[in-house]
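The values are calculated or read from the model by the stated rules, or taken from the named source; none is laboratory data. These numbers come from a predicted model, not from an experiment. Quick reminder, even Gly has a Cβ in these numbers, built from the backbone with ideal geometry, and neighbours come from all protein chains shown.
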């Protein structure tokens, strides 16, 4: 029983103590809250003052920026006003000047009007005086003014014609003299600026060997090796007593070169028998074909000629192994191309076009398409086939006058071809047989009735026959041309072709005494 009151007292004391602690803590919390509120209010006041100061500074900055912009605009407006004022002043000056000029022009127009009126009056007076003079002249001359005018015009026409004819004759004579001198100068300069080698081609190639023992190996047992070599190359292999040499004979330089190169490889290799010979000849023939193409390309580059068809390049390269009258065809074509380029430059023509035509002018000689056709016509058809320009095709076809010349470079190519073929040392032929052949050709044509003179020109490639117009008619002249061509073809031996030209002309001669 004594424990319960004590417990109650203890509980009461504990409750009272808890209440006191609660009130104390509540009081402390309220003080802390008031302090925090005061601190927050003070901090807010500081922040407010800072923001106000920042706002004032920003306002001042914006105000200054605005004032600056306003000042700039005011300055621009002032400058624009100044420019406008200057333009107005300039316009006012111009207006004043225009007004002044207008006034001056008005004064000048009035003066001109007065002068024109005075001139008109003078002209009327002059017309009146002229009519009076004409009437007096008609009375004195007993003819009208129209008749006198016609008579004067006729006299002036006659005198003008006489003077014009005299002047034309003088100009023609002077032009002939000048043209002859200029042509000689151009030709001489062209020839002097080109130097090429003399003819040295023939129908035999000498193949040198180290010893005569090689001859037996080339001949082979019972001559089988040499027969195989001749059959494969189409050349005649001459093995005789000539020391350390074998002759390769044939008219085709390409096949002759193939035979020489094949012999060279066979001798170096040492294996010489029919099968090996055929293999080496086929290989060398292919190499020569490639070399022909390379020669054609190199020649075109050296001449500054571009865009040639591959077949034309091959034909140009084939010229290296062809000759005409002992003159190497490629050297001849290169020489003609150089001559054409120089002469075209002297004459103010297209030098590149002339060189191209000069290089291609003899391609018909190396083509095997139609051997019966003249090489100039065959070359022209080949150029047309491979899309060369019409001027070049005409120059190729007309360089021996088989076709009419229609391009300006055609006569240049013809002249340069003649220069290259006719220069000393260009072509090789026995002089005595050459002169005899030309003489026989002239005598053959001279034997026909009505023939006055005959001339063998172009190194015997053309025969010109002059007949008398009173003895031979046009039909007979044509008949003589055909008959002479047939006789030359059947009775004479000559290289290439011969052109027969029969000339029949009528001349009227009068003398002024």
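A few comments on the model shown:
- Looking at 154, 174, 147, just one residue is at pLDDT 75 or above and either assigned to a helix (DSSP H, G or I) or surrounded by 10 or more Cβ atoms within 10 Å (Cβ to Cβ) (or both), and that residue is 154.
- Failed criterion for residue 397 (all others in (1) in contact with a strand residue (DSSP E or B) (Cβ under 8 Å, 6 or more places away or on another chain); (2) at pLDDT 85 or above; (3) under 30 Å from residue 321 (Cβ atoms) hold): (1)
- Test result for residue 444, modelled with pLDDT of 85 or more, under 43 Å from the mean Cα position of the chain (by Cα) and not assigned by TED's automatic domain parsing to the domain that holds residue 358: no
- On inspection, residue 84 fails the criterion of being in contact with a helix residue (DSSP H, G or I) (Cβ under 9 Å, 6 or more places away or on another chain), surrounded by 10 or more Cβ atoms within 10 Å (Cβ to Cβ) and either in contact (Cβ under 8 Å) with a residue 12 or more places away in the chain or assigned to a helix (DSSP H, G or I) (or both).
- Residue 449 meets the conditions (1) surrounded by 11 or more Cβ atoms within 10 Å (Cβ to Cβ); (2) in a loop (DSSP other than H, G, I, E, B); (3) modelled with pLDDT of 80 or more in every case but one. The failed one is (1).
- Condition check for residue 222: in a helix (DSSP H, G or I), at positive phi and modelled with pLDDT of 75 or more: yes
- Residues satisfying the stated conditions in region 348-374, i.e. in a helix (DSSP H, G or I), touching a helix residue (DSSP H, G or I) at 6+ places or on another chain (Cβ under 7 Å) and touching a residue at least 12 places away in the same chain (Cβ under 8 Å): 353, 354, 355, 356, 357, 358, 359, 360, 363, 364, 365
- Annotation note: Cβ proximity below 6 Å between a residue of region 116-136 that is under 22 Å from residue 147 (Cα atoms) and a residue that is modelled with pLDDT under 90 (sequence gap 6+ or interchain) occurs for 134/145.
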